[in-house]
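Derivation of every value follows stated rules applied to the coordinates shown; laboratory data play no part. Just so it is clear, the structure is predicted and the values come from calculations on it, not from any experiment. Cβ coordinates were reconstructed from backbone atoms using ideal geometry, including for glycine residues, and neighbour counts include every protein chain displayed.
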Amino acid sequence: MMWDFLMHNSPALIIAVPLFAAFFTPVIGRFSKKAMYAWVVGAMIFTEFLVLILLYTVYTYGTQIYVFGARPYSMAIPPDSGGIPVRIIFTVDSMSVFMAFIAATVGLAGAIYSVACEKGQSGQEKYYALVLLMIVGMLGMVLTGDMFNFFVFLEINSLASAALVSYRINKGVSVEAAFKYAVVSAIGALMILFAIGILYGEYDALNMAMIASRMQFTTLDKIAMALILVTLAMKCGSIPMHFWVPDGYGKAPGAISAMLVAASQASLYGLFRMCFTVFGLAASHITLGYFLIILGLISMFVGVTMALVQHDIKRLMAYHAVSQTGYMLLGVGVGLATWGTPAFSQYGFAAMEGGIFHIINHAMYKGLLFLTAGAVIYRVGTSDLNKMGGLAHSMKYTTIFFIIGALSIAGIPPFNGYASKLMIYESVYQFNPLLAVIAMIVSILTLASFVKVFHSAFMGPKIYPDVKEVPKSMLAGMAILTFFIILFGIFPQLAITYLVQPAASALANPIGYISRVLGGGP
Amino acid sequence: MLYNLPYITVAVVIAIGLYAMLYKRNLIKIVIGLSLIESGVNLFLVSLGYVQGGIAPIYTNAPKTEMVLPTPQALTLTSIVIGVATTAMLLSFCIVIYRHYGTLDSEKVRRLRG
């Protein structure tokens, strides 16, 4: 009975649980700090559990839809509505639930990590409430099947993230970064709303599946598509719209930087969803595919070259996040450019799998690296690499976690970065050898940059004699992400069979998505 | 011409907002520009749902059946609420920035570079 309830209502509960927890956090925090930590971490564990249930359901029974306010909950089109899905519908296919898994896992690690890391700070009730709201935003963005709902969750996510970036005022610098991020994401979200208005005016619908099935691809649609795609490319931090990334990631608290990675990837999901499902059937695949490929190439290359010259540990990692986003855009872009041709089954699908696999790998290892950077800053008090040194003597576990993360981002076996990068190299090489060569060069430069970080922060004589290992809860947060890095590195087939391959096939099958919503029935 | 008047207004308001965001150096004026763009988008949504001679979409005791579309109004209400939250947050950022930097000139509020 309970199990059935959880299974049928999991899409709604995944949003409801953290949202409810977020608004109760300040109330509980008034009475006891310990109870509040337990409440927040408990809510995140429950959300993760619900995501796992949903993952199982979608893997076994296929795409799930959840219609809010309908009885039964799977009735997308009411009999008296004239064939239009009037209610808000969550359409959960394998790609959505894959992204939800990433958001919930990184959020859980971030929440556990924050317990010790933010212990000395004031205003913790608000911090945890905002953390939970940010997770609601990410989960909502990836689960929803409604354009306006997508906009609302995007705004929840950006408002909460901007407020969290400025959490430690840090002589005003963090607030400057947050102002930049908030202005850029607010104007982007307004452009998306404008585009939604255009689409609504044309097609009388807000549901993604309905819009996709009625798509005429007129000039107005092209304007709407440009507004949506450019905004989402900006939100996922690809060059040339990357300027908020180094500031925002670099000045946020450690756990928030890790969660911002997952938040950017929720936007990346939005970009792929719009490219494939909403506009994919009508627009030219070649144009859209090359749009993604070129964005990916520029992001990869410029990101890593900008990273090489940085002295600030988190700013350096932020540029690497830009560069790694390029791999995902490249992989999925090659898939989109070859979509519908024989080349798709030869190598295009493999490229998409590689790009999508890289999303989860990047969330895990970049999250881990940001958490280790946060741990170093927590103990040393500075983020300047030139002032660090010899931390390996006293922070053994952090050093090990950093080495795992650094080897993984550089694509060294047996860690997960290698598994997905190899898939991207192999398939992209068949599309165009030059692209694969550039991707490999970027990977080498990434390794060079992380050798520099490792050398200047962890090696050398002991500069800080009284530095100790970080508290256990921070180590636990890092250990969660490390577990997935090693698991996906040693058994990549496990992740590919259960997570990546269904996600890639779901993304490449917009007709299935549309007919699941409009066809009705369970 | 008169039928398109709301859309022309939308374009003008959004253009003024973009101008303020791009060319004004005071952070408060940037926030004002953002508010203007938001108003323009809201006006766009509301005018999309307008039906000539329509009444408010309340079915109980309705005198006639020509009604304006309710969905864009719901969207606009949501968007207004979000806009208030955004503006409040940005203005509070401005207060903190002024406290620490002593200025709101965007040319001088530039400690993050590289």
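What to note about this one:
- Per the conditions (1) facing chain A (nearest Cβ under 10 Å); (2) among the aliphatic types (A, V, I, L, M); (3) without any contact (Cβ under 8 Å) to a residue 40 or more places away in the chain, the sole criterion not satisfied by B:Ile97 is (3).
- Only one of the listed residues (A:Met191, A:Met234) is touching a residue at least 40 places away in the same chain (Cβ under 8 Å), of a type in the set (A, V, I, L, M), surrounded by fewer than 21 Cβ atoms within 10 Å (Cβ to Cβ) and under 23 Å from B:Lys24 (Cα atoms). That residue is A:Met191.
- A:Val334 meets all of the listed conditions (1) over 23 Å from A:Pro502 (Cα atoms); (2) assigned to a helix (DSSP H, G or I) but one, namely (1).
- Qualifying residue in segment B:100-111 (condition: touching a residue at least 24 places away in the same chain (Cβ under 8 Å), within 10 Å of chain A (Cβ to nearest Cβ), of a type outside the set (Val, Ile, Thr) and not in a loop (DSSP other than H, G, I, E, B)): no
- Members of segment A:137-146 that are farther than 14 Å from A:Gly188 by Cβ, more than 14 Å from chain B (Cβ to nearest Cβ) and assigned to a helix (DSSP H, G or I): A:Met138, A:Leu139, A:Val142, A:Leu143
- Residue within segment A:249-265 that is under 25 Å from B:Gly33 (Cα atoms) and within 12 Å of chain B (Cβ to nearest Cβ) present: no
- Selection count where residues are within 25 Å of the chain's Cα centre (by Cα) and more than 7 Å from every other protein chain (Cβ to nearest Cβ), scope segment A:189-203: 5
- Output for segment B:11-32, where each listed residue is closer than 16 Å to B:Met89 by Cβ and at the interface with another protein chain (Cβ under 9 Å from one of its Cβ atoms): B:Leu27, B:Ile30, B:Val31
- Checking A:Thr399 against (1) under 30 Å from A:Ala479 (Cβ atoms); (2) without any contact (Cβ under 8 Å) to a residue 60 or more places away in the chain; (3) surrounded by fewer than 17 Cβ atoms within 10 Å (Cβ to Cβ), the condition it does not meet: (3)
- Residues within segment A:204-226 that are part of a helix (DSSP H, G or I), more than 13 Å from A:Leu518 (Cβ to Cβ) and within 14 Å of chain B (Cβ to nearest Cβ), tallied: 3
- Hits in segment A:175-188 - residues which are under 14 Å from A:Asn157 (Cβ atoms), surrounded by fewer than 22 Cβ atoms within 10 Å (Cβ to Cβ) and within 8 Å of chain B (Cβ to nearest Cβ): none
- Test: residue in segment B:52-74 that is at the interface with chain A (Cβ under 9 Å from one of its Cβ atoms), assigned to a helix (DSSP H, G or I) and either of a type in the set (Lys, Arg) or in contact with a His (Cβ under 7 Å, 6 or more places away or on another chain) (or both): no
- Residue in segment A:147-160 that is under 19 Å from B:Cys94 (Cβ atoms) and at the interface with another protein chain (Cβ under 8 Å from one of its Cβ atoms) present: yes
- Exclusive hit being at positive phi and either within 14 Å of chain B (Cβ to nearest Cβ) or in contact (Cβ under 8 Å) with a residue 40 or more places away in the chain (or both), set A:Gly326, A:Gly340: A:Gly340
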